[in-house]
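Colleague: Supplied in structure tokens, the structure appears directly below.
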């Protein structure tokens, strides 16, 4: 995985109809939380495709730039973060992901 940003894991699985699904990046410093979120989304939201996970701010920013997800689920208490402001500090992209966060 030489092209995978540091601090991230990717899932290159593509759903049957990729145009109908939202591409999601899950960001949390706890592996158990990321795993649980991925599991729940996979089981209960077939229109969402978790394309990657990041465990820190730098990995999240790199993944956003490299993968261009539609949605970033972000832990606003991520160490090194700024209450969800980390991605805002990155240079603007041509398309920005929708934001959702949990405490």
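Colleague: Which condition does residue 9 not pass, out of (1) surrounded by 14 or more Cβ atoms within 10 Å (Cβ to Cβ); (2) in a loop (DSSP other than H, G, I, E, B); (3) within 14 Å of the chain's Cα centre (by Cα); (4) at pLDDT below 95, if it passes all the others?
Modeller: Just one mismatch for residue 9, condition (2).
Colleague: Same structure, new question: Within the set of pairs 6 or more residues apart or between chains, which connect a residue that is without any contact (Cβ under 8 Å) to a residue 60 or more places away in the chain and at positive phi inside region 66-81 to a residue that is surrounded by fewer than 22 Cβ atoms within 10 Å (Cβ to Cβ) and assigned to a helix (DSSP H, G or I) with Cβ atoms less than 8 Å apart?
Modeller: 80/58; 80/86
Colleague: For residue 55, work out the one condition from (1) at pLDDT 95 or above; (2) loosely packed, with under 14 Cβ neighbours inside 10 Å it doesn't fulfil.
Modeller: With (1) at pLDDT 95 or above; (2) loosely packed, with under 14 Cβ neighbours inside 10 Å applied to residue 55, the lone miss is (2).
Colleague: Further, regarding this structure: Can you confirm whether residue 38 is crowded, with 18+ Cβ neighbours inside 10 Å and modelled with pLDDT of 95 or more?
Modeller: yes
Colleague: I've got another one for you. Which of the numbered conditions does residue 3 fail, given that it passes all the others? Conditions: (1) part of a strand (DSSP E or B); (2) modelled with pLDDT under 95; (3) in contact with a helix residue (DSSP H, G or I) (Cβ under 8 Å, 6 or more places away or on another chain).
Modeller: Checking residue 3 against (1) part of a strand (DSSP E or B); (2) modelled with pLDDT under 95; (3) in contact with a helix residue (DSSP H, G or I) (Cβ under 8 Å, 6 or more places away or on another chain), the one that fails is (1).
Colleague: Got at least one residue in region 87-101 being part of a loop (DSSP other than H, G, I, E, B), within 10 Å of the chain's Cα centre (by Cα), at pLDDT below 95 and within 22 Å of residue 35 (Cβ to Cβ)?
Modeller: yes
Colleague: Right, next: Out of (1) surrounded by 17 or more Cβ atoms within 10 Å (Cβ to Cβ); (2) assigned to a loop (DSSP other than H, G, I, E, B); (3) modelled with pLDDT of 90 or more, the odd one out for residue 81 is which?
Modeller: Of everything listed in (1) surrounded by 17 or more Cβ atoms within 10 Å (Cβ to Cβ); (2) assigned to a loop (DSSP other than H, G, I, E, B); (3) modelled with pLDDT of 90 or more, residue 81 misses just condition (3).
The values are calculated or read from the model by the stated rules, or taken from the named source; none is laboratory data. All of these numbers come straight from a predicted model, not from anything done at the bench. Ideal geometry is used to build each Cβ from the backbone, glycine not excepted, and the neighbour counts take in all protein chains shown.
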